[in-house]
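Trainee: Structure in structure tokens, see below.
Bear in mind that the values in this text are calculations on the coordinates, not laboratory data. For clarity, every value in this text was computed on a predicted model and none was experimentally measured. Glycine gets a Cβ as well: all are built from the backbone with ideal geometry, and neighbour counts include every protein chain shown.
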Amino acid sequence: MMEYTYFNRDVSWLRFNERVLQEAEDLANPLIERLRFLGIHSNNMDEFFRVRYSFIRRLRLSEEQGLDENLEGYTPGQLLSKLSEIVADQQLRSQKIYDAIKADLKKYNVEIVDETQLTAKQEAFVKQLYRDKVSPALTNLMINQTKDFPYLRDKSIYLAVRLTRKDKEQFSIIEVPYSISGRFVQLPKYGKQFVMYMDDVLRHNLDSIFHTVKYDTIEAHTVKITRDAELSLDDDVSKSFMEQIQRGLRNRREGDLVRFVYDKEIGNSTLKTLVEGLEVSALDTLIPGGRYHNKKDLMRFPNMGIRELEYEKLPQIAHPALDIDRSIFKAIKKQDIMLFTPYHDFGHVIRLLREAAIDEKVREIKVTLYRLADDSQIISALINAAKNGKKVTVFIELQARFDEANNIKWTNRLRSEGIKVVSGVQGLKVHSKLTLIRRDEGKEKLVDYCVIGTGNYHEGTAKVYTDYHLMTNDKRIAKEARKVFQFIESPYKQYAFKHLLVSPNTTRTGLEALIDREIANAQAGKKAEFWVKINSISDHRMINKLYEASDAGVQIRMVVRGIFCLDLAHPKAKNIQAVSVVGRFLEHTRAFCFFNDGQPEYFISSADWMGRNLNRRVEVTVPIYDEVIQRQLRDHFDILWKDNSKSRNFDAQQRNKYRMLHGPKITAQEELHKYVKQLLLKG
């Protein structure tokens, strides 16, 4: 029997981040948007090192050094070397792209200047800014005067300063303050617009910072570190779950260093002092870079007021079934409604909760929350409902990576308002996107309305992530949605689901059954095909099922934004076509359609096809029964499949080659906006 093979998930993830880098490189994108793609690339890379690189590093430090099937044929040491090589290449490429964009901005009279390029008036402005706002917030650590080397935080950037006097040298570390005006300072205009990094504001004021220190020469270079962000939960039953999370967050702040990035112009003695003080080991990645780090801050590069430098706005489109002066409950009662954000306004979900908060017929609201905005309107609506006497239960996931502290804050706030909060399920993450509202409608007694989606209830990300939110009171779906909430509260009981696929119990087996049906149809000589739109696929068992289906003659089309662990060089993958679309919005929708011998079945889901989503999370996949919405899902996928502007083919090497299709240029996300707009015009 031929052995199945897989593409390594971590290499594939870096290939995805290269697609983000390609967007920063794409001359068709406006210049400031290209800068922001550099910021996204940098932010992604930080998370990669905090999580995946750190995990592999821990494997390398363990005694086991054999091949690991979860590393797709690599040893941890081999994989670390491979990843470091790719990262170094992308870092160099990122710097070249940044330099090119910076030069091109000058054509629009926008200049990014450093401390050596200021006019007299700009110098006075920068000095005044330092004296009034920056200086009071500054932390300056003199290494020679401290007993222990100072602790450097993961998400901060620092100036490493070297001062010399005759044959003596001193070193200082200054944390670059963000709380003043962000990373970028807009200077007074002189026919042009000027932007300056906060790093350079400090460099310009080094004399003031060290006015009590005698020195002959002074130099300052930017450095940053990345620490292991793994949050480990132990089995200490004497501690509450929230206490364990909070302890894990404290441990994260002290995590092992896994990456050290520095200005390649830094002096040898400064670099040696930092490497020794931080105890950088051979397993830690040292990356020489340019003058500036934390390029993730480019995601918030200021708006310069020049139309050509940013994307043309795509205004959100009203949903034809929703009227601001009409009850959403009445609209849902009439028909299923699918919101497709950001083309539609996520505010409709908030409106539903606000309406429920003041509706005298509403008795109960339940909602699962994974990631929330800093100033969450969802939370406000739920608190309002509780104050109006509704029974409100919130299932909030404390283990939402990098959002744990925020979610603990919201948990405490909700409980202080008398709202019942269930803080996740130990051993499982609640990743489903689910709302249930129970309403007393007289003869029908309690009627359930629910929202089941693919994305978080987060007003910020809803503006840039594509997601589906199904609003329905279909009894088949609503009844089982209620069971999902019961499962979260009592996860060790067995619940039967006929319509929903629910992880960790039935998603895998349900998907396998759907694929097996297509295999049986292919073997019977019938047309057999399905399409999949997801963010990532890495689960080996699911990949094996796809190989099996392809080998049986099932035609498979896949749009996968991120990790893609299929080996398309494998002979059994011959009937699988796969692409990735990366553009102005982050493709986050998850949807599937199985042909089913001419009676196609459609689904949307909160789950990717990864082991964690299938085995270790509470996820919900919901069938779409409404024929109008089914047609829309089919059209959405067809538009994505026709993209020949932002679409890359997956090949055996995942080389990120743009898809070459004949005909006019199609940018799927712009075409989807037109499609949604046409639906409104049709009414």
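Trainee: Which aspartates and glutamates have a Cα lying under 13 Å from the Cα of Lys390, excluding residues fewer than 8 positions away in the same chain?
Mentor: Excluding near neighbours in sequence, the set is Glu355, Asp359, Glu360, Glu364, Glu417, Asp440.
Trainee: Next question. Expressed as a fraction of 2.2 N^0.38 Å, the rule-of-thumb size for a compact globular protein of N residues, what is the C-alpha radius of gyration of segment 554-621?
Mentor: 1.25
Trainee: Of Lys526/Lys572; Lys361/Lys674; Lys391/Lys674; Lys391/Lys483, which sit over 29 Å apart, Cα to Cα?
Mentor: Lys361/Lys674; Lys391/Lys674
Trainee: So which aspartates and glutamates can Lys296 reach, going by Cα to Cα under 14 Å and dropping same-chain residues fewer than 8 places off?
Mentor: Here the aspartates and glutamates satisfying the reach criterion relative to Lys296 are Glu33, Asp46, Glu47, Asp154.
Trainee: Non-local amide H neighbours of Val430 (under 5 Å, H modeled in plane, Pro and chain starts lacking H): which ones?
Mentor: Counting only residues 5 or more places away or on other chains, the set is Val425, Val618.
Trainee: Then there is this: Per DSSP helix of 4 or more residues, -39500 (n - 2.57); summed, then divided by the residues of the chain. What does that give at 222 nm, rounded to the nearest 500?
Mentor: Dividing the helical sum by the residues of the chain leaves -11000 deg cm²/dmol.
Trainee: Could you grab the relative contact order for the chain? Cα pairs under 8 Å, six or more apart, rounded to a whole percent.
Mentor: The value is 12 percent.
Trainee: Here's something else I'd like to know. For a quick check: with amide H placed at 1.01 Å from N, whose amide H comes under 5 Å from Ile666's, ignoring anything fewer than 5 positions away on the same chain?
Mentor: Asn644, Ser645
Trainee: Using θ = phi - 60° and the Karplus relation 6.51 cos²θ - 1.76 cosθ + 1.60, list the HN-Hα couplings for segment 482-494 in order, rounded to whole Hz, with x at every Gly or Pro.
Mentor: 4, 5, 4, 5, 5, 5, 4, 7, 9, x, 9, 8, 8
Trainee: In whole Hz, what ³J(HN,Hα) sequence does segment 305-317 give by Karplus (6.51, -1.76, 1.60; θ = phi - 60°), x for Gly and Pro?
Mentor: Along segment 305-317, the couplings run x, 10, 4, 5, 8, 10, 4, 5, 5, 9, x, 5, 10 Hz.
Trainee: Now a separate question. Out of all DSSP beta bridges in segment 9-309, what portion is antiparallel? Express it as a percent rounded to 5. It would help to have the intermediate numbers written out before the result.
Mentor: Values: 28 of 37 bridges.
DSSP beta bridges in segment 9-309 are roughly 75 percent antiparallel.
Trainee: Can I ask one more? Quick check on the chain: of the DSSP beta bridges with both residues there, what percent are antiparallel, nearest 5%?
Mentor: 70 percent
Trainee: Label Arg52 and Lys682 with points 7 Å out from Cα along Cα→Cβ: what is the distance between them in nm?
Mentor: 3.9 nm
Trainee: If you don't mind, another one. How much length is gained on full extension from Lys96 to Arg291, taking 0.36 nm per residue of separation minus their Cα-Cα distance?
Mentor: Gain on extension, Lys96 to Arg291, equals 69.0 nm.
Trainee: Explain nothing, just the number: dipole magnitude of the chain about its Cα centre with +1 on each Lys and Arg Cβ and -1 on each Asp and Glu Cβ, in debye rounded to the nearest 20.
Mentor: Dipole magnitude for the chain comes out near 1480 debye.
Trainee: Ok, one more. From the phi angles alone, apply the Karplus equation (6.51, -1.76, 1.60; θ = phi - 60°) to segment 649-655 and give each ³J(HN,Hα) in whole Hz, x where the residue is Gly or Pro.
Mentor: 6, 7, 10, 4, 9, 6, 7
Trainee: Could I ask something else about it? Return the distance in nm (one decimal) between the two label points of a simple spin-label model at Gln486 and Ala524, each offset 7 Å from Cα along Cα→Cβ.
Mentor: For Gln486 paired with Ala524, the spin-label model returns 3.4 nm.
Trainee: Just want the ordering: Asp167, Asp474, from fewest to most Cβ atoms lying within 10 Å of their own Cβ.
Mentor: Least to most surrounded, the residues fall as Asp167, Asp474.
Trainee: Which order do peptides 455-468, 110-123, 479-492 fall in by mean Cβ count within 10 Å, highest first? Walk me through the intermediate numbers first.
Mentor: On the way: 455-468: 21.1, 110-123: 14.8, 479-492: 17.1.
Result, highest mean first: 455-468, 479-492, 110-123.
Trainee: Over all Cα pairs of segment 9-309, how is the pair count split among 20 Å bins, expressed in % and running from 0 up to the last occupied bin?
Mentor: 29, 56, 15, 0
Trainee: What percentages, rounded to whole numbers, describe P(r) for segment 430-470 computed over all alpha carbon pairs with 5 Å bin width beginning at zero?
Mentor: Here the calculated profile for segment 430-470 is 6, 21, 21, 18, 12, 10, 8, 3, 1.
Trainee: Can I ask one more? Restricting everything to alpha-carbon atoms, can you work out Rg to Rh for segment 109-215 with a Kirkwood hydrodynamic radius?
Mentor: Details: Rg = 15.1 Å, Rh = 15.0 Å.
Ratio value, two decimals: 1.00.
Trainee: Quick one: if you stick a label point 7 Å off each Cα along the C-beta vector at Lys166 and Ala28, how many nm between them?
Mentor: Result for the modelled spin labels: 6.5 nm.
Trainee: Rounded, prolate or oblate: pick one for segment 64-156, where a ≥ b ≥ c are the square roots of the eigenvalues of its C-alpha gyration tensor, a/c under 1.5 means rounded, and failing that, prolate if a/b is larger than b/c, else oblate. Kindly include the intermediate steps, with their values, before the conclusion.
Mentor: On the way: a/c = 4.33, a/b = 1.55, b/c = 2.78.
Oblate, since a/c reaches 1.5 and b/c is not below a/b.
Trainee: Asp467's amide H: which non-local residues (gap 5+, or another chain) put their own amide H closer than 5 Å, with H modeled 1.01 Å from N in plane and none for Pro or chain starts?
Mentor: It is Thr341, by chain and number.
Trainee: Can I ask one more? Can you tell me the Rg and Dmax of the chain, counting just the alpha carbons, in angstroms?
Mentor: 27.0, 92
Trainee: OK, next. Residues in segment 417-440, backbone N under 14 Å from the label point at Lys387 (7 Å along the Cα-to-beta-carbon vector): list them, ranges by number please.
Mentor: 417-419
Trainee: So for each of 303-309, 317-323 I average, over its residues, the number of other beta carbons within 10 Å; can you give me the resulting order with the highest mean first?
Mentor: With the highest mean Cβ count within 10 Å placed first, the list reads 317-323, 303-309.
Trainee: Could you tell me how many degrees, from 0 to 90 and to the nearest 10, lie between the Cα long axis of helix 627-641 and the main elongation axis, the longest principal axis, of the Cα atoms of the chain?
Mentor: In the chain, helix 627-641 runs at an angle near 40 degrees to the longest axis.
Trainee: What angle do you read, to the nearest 10 degrees and between 0 and 90, between the alpha-carbon axis of helix 76-105 and the longest principal axis of the chain?
Mentor: 70 degrees
Trainee: Stick to the Cα atoms of segment 328-489, pair each with every other, and give me the Kirkwood hydrodynamic radius in Å at one decimal.
Mentor: In segment 328-489 this quantity evaluates to 15.8 Å.
Trainee: Assign one of three labels to segment 501-682, namely rounded, prolate or oblate, based on the Cα gyration tensor with a ≥ b ≥ c the square roots of its eigenvalues; rounded applies when a/c is under 1.5, prolate when it is not and a/b is larger than b/c, and oblate otherwise.
Mentor: In terms of gyration-tensor shape, rounded.
Trainee: Can you give the angle from 0 to 90° between the axis of helix 540-551 and the longest principal axis of the chain, with both taken from C-alpha atoms, to the nearest 10?
Mentor: The answer is roughly 60 degrees.
Trainee: Oh, and also: Going highest first, how would you order 387-394, 210-217 by mean Cβ packing within 10 Å?
Mentor: 387-394, 210-217
Trainee: Here is the link list: Lys96/Lys189; Lys420/Lys493; Lys366/Lys429; Lys333/Lys433; Lys330/Lys682. Which ones come out longer than 23 Å on Cα distance? Before the final figure, lay out each step's value.
Mentor: On the way: Lys96/Lys189 27 Å; Lys420/Lys493 21 Å; Lys366/Lys429 17 Å; Lys333/Lys433 21 Å; Lys330/Lys682 21 Å.
With Cα atoms farther than 23 Å apart: Lys96/Lys189.
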